């Protein structure tokens, strides 16, 4: 018995790996996450062109974006149990996640529950191209060279934590909620980033709606709101 987790990449269906496509096409049941009832799964949407809905069952699981830990754990356990039940039925089952399963992914919660409650099920993790590397490719940007250090920070975290972490890095990649980028930009000078530091902001990486903008930090110091969406990336490089 095996459950395969497929990293679906940043959004472009053509960036799916060969192994991921093989597992997807051979699956009987396909699970994908969403944040609320009635909202389409982004991961399922990425690979939809490869799904044969006449022969494959596609199911959506809700992973709420909230801070109530008790409610979250309840959803994680329920979702893991539903996936496990499908595996125990003898079907070939895959779980989809955007990007790579190892980075800020709902797979972490599924994996934890399986390791605790369903140890007899083999887990296969198929990596995907992250939005970070797709972004760097689209922006023609080198993230690090030689001895330079790189940090990955959720922009929505405590601003003091953001500042302290950014101060130790030559390149900082901000993920998880572009709506906080304005707040982050204001503390970058305190983290050692000069006015000529390069700031590149992208949203909807690798799909038709993709937007990539590059600035010097001095151009953004009076900005209070960048207008970016949740799925946005900001990369800042010290000069």
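What number, rounded to the nearest 500 deg cm²/dmol, is the helix-based mean residue ellipticity at 222 nm of the chain, given -39500 (n - 2.57) per DSSP H run of at least four residues and division by all its residues?
Working: 7 runs with 70 residues, N = 239.
Mean residue ellipticity at 222 nm (helix-derived): -8500 deg cm²/dmol.
Of 120, 68, 22, the residue with the greatest mean-square motion in the GNM of the chain, using alpha carbon springs below 10 Å, is 68. Can you give me the Cα centroid spacing of segment 22-37 and segment 92-112 in angstrom? Spelled out, the Cα-based centre of one part sits 11 Å from the other. From most to least packed by mean Cβ count within 10 Å, the peptides 186-197, 52-63, 121-132 give 121-132, 186-197, 52-63. Reported to the nearest whole Å, the Cα centre-to-centre distance from segment 56-70 to segment 124-146 is 27.
Full extension of the chain between residue 85 and residue 67 gives 3.7 nm of extra length, using 0.36 nm per residue less the Cα-Cα distance.
A Förster radius of 45 Å combined with the Cβ-Cβ distance from residue 55 to residue 176 puts the calculated FRET efficiency at roughly 0.80.
Using Cα pairs closer than 8 Å and at least 6 residues apart in sequence, work out the relative contact order for segment 156-229, in percent. Working shown, then result.
Numbers: 81 pairs, mean separation 26.1, N = 74.
This gives 35 percent for segment 156-229.
Output the 0 to 90 degree angle, nearest 10, between the alpha-carbon long axis of helix 69-88 and the longest principal axis computed from the alpha carbons of the chain. With rounding to tens, the tilt is 40 degrees. According to the square roots a ≥ b ≥ c of the eigenvalues of the Cα gyration tensor, what is the shape class of the chain, taking rounded for a/c under 1.5, prolate for a/b larger than b/c otherwise, and oblate for the remainder? Note, shape of the chain comes out prolate.
No value in this document is a laboratory result; all are computed from the given coordinates. In this text, all values refer to a predicted model and were calculated from it rather than measured experimentally. A quick note on method: Cβ atoms are made from the backbone with ideal geometry, for glycine too, and the neighbour counts reach across all protein chains shown.
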